[in-house]
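To keep things clear, I will list the structure first and then write my remarks on it.
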C-alpha cells in the first residue's frame with residue numbers, strides 16, 4: 001500500500017500526525033502535513049486508516065500498488 005497526501009488540501013489540523021506519527025509530520029513554518037514514509041510497514045496501516053478517517057480536509061488516501 002502507498003499513502004498519498006494532497007498537501008495543497010491540508011488545513012494543518014495535525015490529526016494525521018497524532019494518528020500515525022511514524023508516517024506523517026508537519027512543517028514548522030505553516031503546519032502543513034508531509035509524508036515521512038509513503039510506503040509504510042503493514043503494522044502502521046491502522047494508524048494511517050485512522051488518519052484518513054479524521055482528516056478534516058480529506059487530503060489522505062491509501063492506494064494499492
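The values are calculated or read from the model by the stated rules, or taken from the named source; none is laboratory data. In this text the structure is predicted, and so the values were computed from the model without any measurement. FYI the Cβ positions are ideal-geometry reconstructions off the backbone, even for glycines, and counts take in every protein chain you see.
Mind telling me which of the residues 43, 38, 4 ends up being in contact with a strand residue (DSSP E or B) (Cβ under 9 Å, 6 or more places away or on another chain) and over 17 Å from residue 53 (Cα atoms)?
Details: 43 fails: in contact with a strand residue (DSSP E or B) (Cβ under 9 Å, 6 or more places away or on another chain); 4 fails: over 17 Å from residue 53 (Cα atoms).
Going through 43, 38, 4 in turn, just one is in contact with a strand residue (DSSP E or B) (Cβ under 9 Å, 6 or more places away or on another chain) and over 17 Å from residue 53 (Cα atoms): 38.
Which of the residues that make up the stretch 13-27 are surrounded by 13 or more Cβ atoms within 10 Å (Cβ to Cβ) and either in contact (Cβ under 8 Å) with a residue 40 or more places away in the chain or in contact with a strand residue (DSSP E or B) (Cβ under 8 Å, 6 or more places away or on another chain) (or both)?
Of all residues in the stretch 13-27, those surrounded by 13 or more Cβ atoms within 10 Å (Cβ to Cβ) come to 13-26.
Within the stretch 13-27, 13, 14, 15, 16, 17, 23, 24, 25, 26 meet the criteria.
Within the stretch 49-65, take every residue that is at pLDDT 95 or above and farther than 18 Å from residue 11 by Cβ and give me the one that is farthest from the chain's Cα centre (by Cα). Outline the logic, then answer.
Just the residues of the stretch 49-65 that are at pLDDT 95 or above, to begin with: 49-63.
Next cut, farther than 18 Å from residue 11 by Cβ only: 49, 62-63.
Numbers: 49: 9, 62: 10, 63: 13 Å.
The selected residue is 63.
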remark   = Of those in the stretch 3-12 that are touching a residue at least 40 places away in the same chain (Cβ under 8 Å) and in a loop (DSSP other than H, G, I, E, B), the residue surrounded by the most Cβ atoms within 10 Å (Cβ to Cβ) is 10
request  = Considering only residues that are in a loop (DSSP other than H, G, I, E, B) and in contact with a helix residue (DSSP H, G or I) (Cβ under 9 Å, 6 or more places away or on another chain), look in the stretch 28-65 and name the one that is surrounded by the most Cβ atoms within 10 Å (Cβ to Cβ).
outcome  = 55
inquiry  = Show the residue pairs meeting these rules: Cβ distance below 6 Å; 6+ apart or different chains; first residue within the stretch 36-63 and within 11 Å of residue 3 (Cα to Cα); second residue at pLDDT below 95 and part of a loop (DSSP other than H, G, I, E, B).
reply    = 62/1
